[in-house]
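Working notes, beginning with the structure itself.
The values are calculated or read from the model by the stated rules, or taken from the named source; none is laboratory data. Keep in mind the model is a prediction, meaning the values are calculated, not measured. Quick reminder, even Gly has a Cβ in these numbers, built from the backbone with ideal geometry, and neighbours come from all protein chains shown. Protein only, heavy atoms only, side chains kept; ligands, DNA and RNA dropped before computing areas. Shrake-Rupley method; radii C 1.70, N 1.55, O 1.52, S 1.80 Å.
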Amino acid sequence: MTVDQDDRRSTDDHGHDVIDPLCVGIVTVSSSRAQADEADPDDPGGDTIRECFEDEGHEVQERVLVRDDYSAIRTAVRGLVARRDIDVVLTTGGTGVTADDVSPEATSSLFERELPGFGELFRSLSWEEVGTRAMASRATAGIAVDTPVFCLPGSKSACRTACEELIVPEAPHLAGLATRHRKDTTDRSLSAYGDE
């Protein structure tokens, strides 16, 4: 799907901007998978995210696999949010409490606005599934370059819960709101002005 975002923009029953269907970017964070010599490494979290979005008519535009490294994660997310053909970005993996779990720090360094309600709601839902272990999740979300970004654990179950219960239902609205100021405007980036 390479349909322009403006052509996918509409309003919901309450008059709020929505972008539907969404174009999605997924970053899987896993040193072991990134170092594997396999052409198509096992990626249960990323596969679950893709499935949840595609089941609702959205399209995954890009999937990236990076190691558990602050710079690698930040670079991958920054590259996706800079693209005009990506409406929402999700990372999977690296949200725990070990020394190499740096996905929340790497992604939140790009946030212009945080969405603290996501992490709160996710941990509440996780409490129902895993009990007190939910407190170890540092799942977070925010807006970076007008793009909603969600930072999820790597487990298939956590990705399914987050996507089905929270992200997929709300992401079209969040993407619409985050980009509403761009509606009916032209590109004002420096590249639009050429070399004069």
Within segment 69-83, is even one residue surrounded by fewer than 18 Cβ atoms within 10 Å (Cβ to Cβ) and basic (K, R)? yes
Looking across segment 2-35 at residues that are touching a His at 6+ places or on another chain (Cβ under 9 Å) and open to solvent by 60 Å² or more (accessible area, probe 1.4 Å), the single one that is farthest from Q61 (Cα to Cα) is H16
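Looking at segment 12-62 only, could you name the residues that are of a type in the set (A, V, I, L, M, F, W, C), outside any strand (DSSP E or B) and either on the phi > 0 side of the Ramachandran plot or modelled with pLDDT of 95 or more (or both)? Lay out the reasoning, then the answer.
Taking segment 12-62 first, the residues of a type in the set (A, V, I, L, M, F, W, C) are 18-19, 22-24, 26-27, 29, 34, 36, 39, 49, 52-53, 60.
Still in the list and also outside any strand (DSSP E or B): 22, 34, 36, 39, 49, 52-53.
Residues satisfying the conditions are L22, I49, C52, F53.
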Can you confirm whether segment 124-137 contains a residue that is open to solvent by less than 30 Å² (accessible area, probe 1.4 Å) and either in a loop (DSSP other than H, G, I, E, B) or closer than 15 Å to V27 by Cα (or both)? yes
Mind checking which pairs have a first residue in segment 51-63 that is open to solvent by 50 Å² or more (accessible area, probe 1.4 Å) and a second that is assigned to a helix (DSSP H, G or I), Cβ under 8 Å, 6 or more apart or different chains? E56/V168; E59/F53; E62/L80; R63/G46; R63/R50
Of the candidates E62, E56, E51, the one satisfying the condition of being of a type in the set (D, E, K, R), under 20 Å from A162 (Cβ atoms) and in contact with a Gly (Cβ under 7 Å, 6 or more places away or on another chain) is E62
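Does segment 85-97 contain any residue that is in a loop (DSSP other than H, G, I, E, B), among the β-branched types (V, I, T) and closer than 30 Å to D7 by Cα?
Start the filter on segment 85-97 by keeping residues that are in a loop (DSSP other than H, G, I, E, B), which leaves 85-87, 93-97.
In the following step, the residues that additionally are among the β-branched types (V, I, T) were identified as 86, 95, 97.
Restricting the remaining residues to those that are closer than 30 Å to D7 by Cα gives 86.
Yes.
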Does at least one position in segment 158-173 carry a residue that is crowded, with 17+ Cβ neighbours inside 10 Å, part of a strand (DSSP E or B) and at pLDDT 95 or above? no
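Conditions (1) within 13 Å of the chain's Cα centre (by Cα); (2) of a type in the set (G, A, S); (3) under 21 Å from D17 (Cα atoms), marked per residue:
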position: S126; (1), (2), (3): no, yes, no
position: V149; (1), (2), (3): yes, no, yes
position: R160; (1), (2), (3): no, no, no
position: V168; (1), (2), (3): yes, no, yes
Pairs with Cβ under 9 Å, 6+ apart, first in segment 69-82 and free of Cβ contacts under 8 Å to residues at least 24 places away in the same chain and in a helix (DSSP H, G or I), second of a type outside the set (A, V, I, L, M, F, W, C) and open to solvent by 20 Å² or more (accessible area, probe 1.4 Å): G79/E62
Need pairs with beta-carbon distance below 6 Å; first residue more than 10 Å from C52 (Cα to Cα) and in contact (Cβ under 8 Å) with a residue 60 or more places away in the chain and within segment 155-166, second open to solvent by less than 60 Å² (accessible area, probe 1.4 Å) and in a helix (DSSP H, G or I); sequence gap 6+ or separate chains. K156/P44; K156/T48
Apart from one, (1) open to solvent by 10 Å² or more (accessible area, probe 1.4 Å); (2) over 11 Å from the mean Cα position of the chain (by Cα); (3) at pLDDT 95 or above; (4) hydroxyl-bearing (S, T, Y) all hold for S103; the odd one out is (1)
